[in-house]
Amino acid sequence: MPVSALLCLVVAISDGDTLTARCGTPGAYQQVKVRIAAIDAPERKQAFGQRARQHLAQLCFRQRATLRPLSQDAYGRTVANVRCGAADAASAQVGAGMAWVYTPYASEHPHLVRLQQQARASSKGLWAQPRPLAPWSYRERHQR
């Protein structure tokens with residue numbers, strides 16, 4: 001995967017941590033399905049799933065985005081650090097209480113851990129629930 005940044009236009013939002021971007025030059029566009037690195041947002045049918053998707057849409061839909069690809073996931077999506085305009089998408093989602101820091105990558109993203117602690121302390125977004133369920137736990141329960 002190239003380490004260089006891709007300049008793109010966000011053309012679709014799947015959920016609170018996944019978007020589709022059109023990257024490249026006119027006439028040679030490439031559609032890229034992107035999983036935002038280091039975060040996990042509630043699933044669509046989960047509490048706050050639609051709100052997380054809407055929050056990401058307000059931030060990124062039809063905006064210019066800078067993608068810094070890191071890897072590919074098991075579903076063939078490009079895992080990338082994403083900036084929509086001047087905003088870091090992962091920081092915006094976690095800070096608003098619309099996503100969790102994905103635990104396996106938390107140590108590499110201490111700023112996200114701090115944002116999550118702040119969101120949780122002030123009961124923002126999904127942290128307003130009495131017992132928020134992490135998306136990975138939700139998927140585990142509903143994939144059986």
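Just so you know, all these numbers are worked out from the coordinates, no wet-lab data involved. Just so it is clear, the structure is predicted and the values come from calculations on it, not from any experiment. All Cβ positions, glycine included, derive from the backbone under ideal geometry; neighbour counts span all protein chains shown.
Structure values in brief
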read-out: Matching residues, segment 86-143, being part of a strand (DSSP E or B) and either hydroxyl-bearing (Ser, Thr, Tyr) or touching a strand residue (DSSP E or B) at 6+ places or on another chain (Cβ under 9 Å) (or both); value: Asp88, Trp100, Val101
read-out: Among the residues listed as Arg68, Arg62, Arg83, the single one being closer than 18 Å to Gly24 by Cβ and part of a loop (DSSP other than H, G, I, E, B); value: Arg62
read-out: Top-ranked residue of segment 3-25 - restricted to ones that are under 17 Å from the mean Cα position of the chain (by Cα) and β-branched (Val, Ile, Thr), ranked as nearest to Ala99 (Cα to Cα); value: Thr18
read-out: Single residue of segment 44-59 satisfying the filter (surrounded by fewer than 19 Cβ atoms within 10 Å (Cβ to Cβ) and part of a loop (DSSP other than H, G, I, E, B)) that is nearest to the chain's Cα centre (by Cα); value: Arg44
read-out: Count of residues meeting criterion [within 18 Å of Pro132 (Cβ to Cβ), in contact with a helix residue (DSSP H, G or I) (Cβ under 9 Å, 6 or more places away or on another chain) and surrounded by fewer than 14 Cβ atoms within 10 Å (Cβ to Cβ)] in segment 74-117; value: 1
read-out: Given (1) surrounded by fewer than 19 Cβ atoms within 10 Å (Cβ to Cβ); (2) touching a Cys at 6+ places or on another chain (Cβ under 7 Å); (3) under 21 Å from Val113 (Cβ atoms), index of the condition Ser71 fails; value: (2)
